[in-house]
């Protein structure tokens, strides 16, 4: 059974424009103390999940591409001792496309990283400034070039459905991105989250987001273009050449176990949800006092697990196998998916059954959130 490891690095070693101010630590970080704490946190999880090889490792958080390669190497070496690695293990690191971070890529590759997820976000300087990014396009493309020369697999992130963005503008930008030759693209629609600068601008009438219909049109266009280019959608916002899907994220969407290590890391393993202390100083104190950084560990009842598995799994193009999930969590199939709603949406072309698997169709994909709300029975939600 797959097991994934998520390692959260919440800060930079020096002040960095990409860091959340609240997660900053002092410029003189005690790397010896951090290595010891992260290793202890990792060993706690390994004691609970021993005997299962790791299929993927993901370094995320603040600016993990500025982690000292010697620390990355130490963590990977210990992870292999504790769990063992699957033969084709995927080891991913998130990175911003800055020249400072790109300078670290060769050393990180030597430390064991074999895949990088690069947050390009946009391919024009005006939009990057609007999104609050400090890198420009030239710096992004230089970092991408360095990444492609050092890592076997590279993924790029872009944000679309931006205010005033037209289909022709997005098509040109996406075509350019596809021309870089990466095997994976994560393409996210811009969302206006409460409490953000964007939400304030909308409230003040200084920013007009695209409406739902315009966003849906761009979503459909995105899937058509990536499909034609040989990087079909395998999840709502993720597109890849066959065989280059993110194995780590597939672990999440297929509702398999993953352990979280480091400040603020979340995990799902052995039927429990874990959350680590977010503030670095609280995390270090917890590890010192209890041998791990867990702030909360909550047993998930079967209905919670089943609902999460359905909601996550239907984001995937491959869909889910309701009967198998029902057996896994101790329910009847009709208790996971409302049969009347399922048949209704199959009839109008929003869902399809491929043998035992239920999936959302291309026609239904833009309506995913509404479909999910309809399909999960009240009895499961209220269990």
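Key figures for this structure:
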{"item": "Debye-sum result for region 100-165 in log10 I(q)/I(0), which assumes one identical scatterer on each alpha carbon, at q = 0.19, 0.21 Å⁻¹", "result": "-0.72, -0.83"}
{"item": "Exposure proxy ranking, count of Cβ atoms within 10 Å, fewest first, for 239, 184", "result": "184, 239"}
{"item": "Viscosity 1.002 mPa s, 20 °C: Kirkwood-radius Stokes-Einstein D of region 131-263 over Cα pairs, µm²/s", "result": "128 µm²/s"}
{"item": "Inter-label distance, nm, simple model (7 Å from Cα along the C-beta direction), residue 211/residue 53", "result": "5.4 nm"}
{"item": "Ordering of 204-215, 93-104 by packing [mean C-beta count within 10 Å, highest first]", "result": "93-104, 204-215"}
{"item": "Extension reserve of the residue 193-residue 126 stretch, reckoned as 0.36 nm per residue once the Cα distance is removed", "result": "22.0 nm"}
{"item": "Distance (nanometres) between label positions extended 7 Å along Cα→Cβ at residue 334 and residue 254", "result": "3.1 nm"}
{"item": "Relative exposure of 42, 353, 67, judged by other C-beta atoms within 10 Å (fewest first)", "result": "353, 42, 67"}
{"item": "Convex hull projection area averaged over all views, region 20-146, Cα basis, nm²", "result": "8.9 nm²"}
{"item": "DSSP beta bridges in the chain [antiparallel fraction, %, rounded to 5]", "result": "40 percent"}
{"item": "Extension gain (nm, one decimal) between residue 270 and residue 344, 0.36 nm per residue minus Cα-Cα", "result": "23.1 nm"}
{"item": "Among beta bridges that DSSP assigns inside region 32-144, antiparallel share in %, nearest 5", "result": "0 percent"}
{"item": "Rounded Å value of the spacing that divides the Cα centres of region 229-262 and region 182-196", "result": "15 Å"}
{"item": "Mean shadow area of region 3-253 over all directions, Cα convex hull, nm²", "result": "14.1 nm²"}
{"item": "Potential extension, residue 204-residue 136 segment - 0.36 nm per residue separation minus Cα distance", "result": "21.7 nm"}
{"item": "Candidates 131, 218, 311: whichever shows maximal mean-square fluctuation once the chain is modelled as a Gaussian network with Cα springs under 10 Å", "result": "131"}
{"item": "Residue 298-residue 370 pseudo-label distance in nm [points 7 Å out on the Cα-to-Cβ vector]", "result": "3.0 nm"}
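Laboratory data are not the source of any read-out in this text; all were calculated from the coordinates shown. Nothing here was measured: the structure is a model prediction, and the numbers come from that model. Quick reminder, even Gly has a Cβ in these numbers, built from the backbone with ideal geometry, and neighbours come from all protein chains shown.
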